[in-house]
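Worksheet: one structure, shown below.
Every number here is computed from the coordinates shown, using simple stated rules; none is lab data. In this text the structure is predicted, and so the values were computed from the model without any measurement. Glycine gets a Cβ as well: all are built from the backbone with ideal geometry, and neighbour counts include every protein chain shown.
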Amino acid sequence: MGKFSRLGNDLYQGRKSYDFVGRRALWYAISGTLVGLAVLVILVKGLNFGIEFTGGNQYTVSDLSSEVATQDTVDELRDEIGTGVDGMTSEPIVTTAGDTSIVIQTEDLSQAQNIQARQIIEDVTGVPSDSDQISQTQIGASWGQEVAKRAILGVCIFLLLVVLFIWGYFREWKMSVAAVAALAHDILLTIGVYALSGFPVTPAAVTGLLAILGFSMYDTVVVFDKIRENTHELKTGRQTYAQATNLAVNQTLVRSINTSIVALIPIGAILYVSAVQLGSSSLKDLALAQFVGMAAGVFSSVFIAPRILVHLKSREADIIIADRRAQTRVKHDADRYASVPAFTEDMPIHDEVGEEGESTDDAPVARTVTTTRSTTPPPAAGSGRIAPQARGPVKDSPSSGRQQPTRQSKSKRDKK
């Protein structure tokens, strides 16, 4: 954990960074492939809707002893009815109801299939097939269809509220577009995995699908908030919008991983117990939808939503100017003399003062000077300025090319 903590600190301080935003083609390709496969599975295999959506039969075996109403009996009934009834296309849902009852839900059965199912119940539980202990009811599909309509309405209201909230909080409609795209990514992946697993779609699964929307949006809003913080002073910084966004994703990466692990561990445990040990459809449907949706939500909040946001913002004029300014600052800091022009023989010389007392505004901006090599010795130092009055006798000095004070003996220096 110490190494992981140091990694998180390095990511937050910017000493270590992973390029989540820059590799646009890679992340778009991965996300597009996953979504395409999910859609293909949905179209080819389809969803296995439960009896709440398609209708079916429900058998309730009551007044059983505690030795009979056990998980072993439930598992045996599920296997026997699923394989012993001719023409069954879906696995029955068998659960215990209290300590003395067992509930069996099957698809819509014919008269012959109904007789076979009752006979299997009698063989496993010991209750006569024509006994009053076995009650049979017909489940209509209207309730499941009403649940589906309410779920679709709830999703639409949720998406509308999300768009308005993000638009109002961040004052940026492009963040709303990126967040909704990430949500669509999570929903499609979850439905695709659900279709691939063959689990029946029940109201519990719909509830789990609605629950993952909130988790995914929570993680995305945290990343967007850090992006807004990093890009607040973009005009005076030395980072482009993409670099500041990538830093924000790295700064929230450890938090996203920790949050997802804490959330996925108990849901994974529920999924394992319900699917492997208990076989309870209501629990495993809910757990599978939440497990896949939360995992997809972490992926979309790190790889999808920030990348889409940068893509949308990259065409804004202010962002383009700020990016160019940041790149110029970085280049200038790397080599401060990179902008100093090299000297050439015919380079223009700018005059500060014009001729005959002209001001700098009236003076010519530049003039071209042609230099030639001359054998004339350079002018003496001090030419062009008023030399101070000599304190002693001077005479020409051949070595320096100008007048120099003569050295006198010490006995004559004080005499005037």
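Remark: Leu189 matches the filter, which requires a residue to be part of a helix (DSSP H, G or I), under 30 Å from Ser17 (Cβ atoms) and aliphatic (A, V, I, L, M).
On the given criteria, is Ser129 of a type in the set (Ser, Thr, Tyr) and more than 21 Å from Glu67 (Cβ to Cβ)? Walk me through how you get there before you give the answer.
Numbers: of a type in the set (Ser, Thr, Tyr): yes; more than 21 Å from Glu67 (Cβ to Cβ): no.
So Ser129 fails the test.
Taking the criterion of being touching a Lys or Arg at 6+ places or on another chain (Cβ under 9 Å) and either of a type outside the set (Asp, Glu) or surrounded by fewer than 18 Cβ atoms within 10 Å (Cβ to Cβ) (or both), would at least one residue in segment 178-187 satisfy it? Within segment 178-187 (the criterion being touching a Lys or Arg at 6+ places or on another chain (Cβ under 9 Å) and either of a type outside the set (Asp, Glu) or surrounded by fewer than 18 Cβ atoms within 10 Å (Cβ to Cβ) (or both)), the answer is yes, since at least one residue qualifies. Of the helices (runs of 4 or more DSSP H) lying entirely inside segment 20-107, those containing at least 3 residues that are of a type outside the set (A, V, I, L, M), within 45 Å of the chain's Cα centre (by Cα) and surrounded by fewer than 18 Cβ atoms within 10 Å (Cβ to Cβ) are 24-44, 71-84.
Of the residues Phe170, Phe224, Phe215, which single one is more than 15 Å from the chain's Cα centre (by Cα) and in contact (Cβ under 8 Å) with a residue 12 or more places away in the chain? Let's see the steps before the verdict.
Working: Phe224 fails: more than 15 Å from the chain's Cα centre (by Cα); Phe215 fails: more than 15 Å from the chain's Cα centre (by Cα).
Of Phe170, Phe224, Phe215, the one residue that is more than 15 Å from the chain's Cα centre (by Cα) and in contact (Cβ under 8 Å) with a residue 12 or more places away in the chain is Phe170.
Sort out which residues of segment 192-212 are buried (at least 19 other Cβ atoms within 10 Å of the Cβ), assigned to a helix (DSSP H, G or I) and touching a helix residue (DSSP H, G or I) at 6+ places or on another chain (Cβ under 6 Å), and write them in order of number.
Our first condition is that a residue be buried (at least 19 other Cβ atoms within 10 Å of the Cβ); within segment 192-212, this holds for 192-195, 199-206, 208-209, 212.
Checking the rest, the ones that are also assigned to a helix (DSSP H, G or I) come to 192-195, 203-206, 208-209, 212.
Listed by number, the residues that qualify are Gly192, Val193, Ala195, Pro203, Ala204, Ala205, Val206, Gly208, Leu209, Ile212.
Quick one: would you say Ala151 is assigned to a helix (DSSP H, G or I) and buried (at least 17 other Cβ atoms within 10 Å of the Cβ)? Spelling it out, it is not the case that Ala151 is assigned to a helix (DSSP H, G or I) and buried (at least 17 other Cβ atoms within 10 Å of the Cβ). One residue is enough: does segment 135-145 have a residue meeting the conditions closer than 24 Å to Ser216 by Cβ, in contact (Cβ under 8 Å) with a residue 12 or more places away in the chain and surrounded by 13 or more Cβ atoms within 10 Å (Cβ to Cβ)? No, that holds for no residue.
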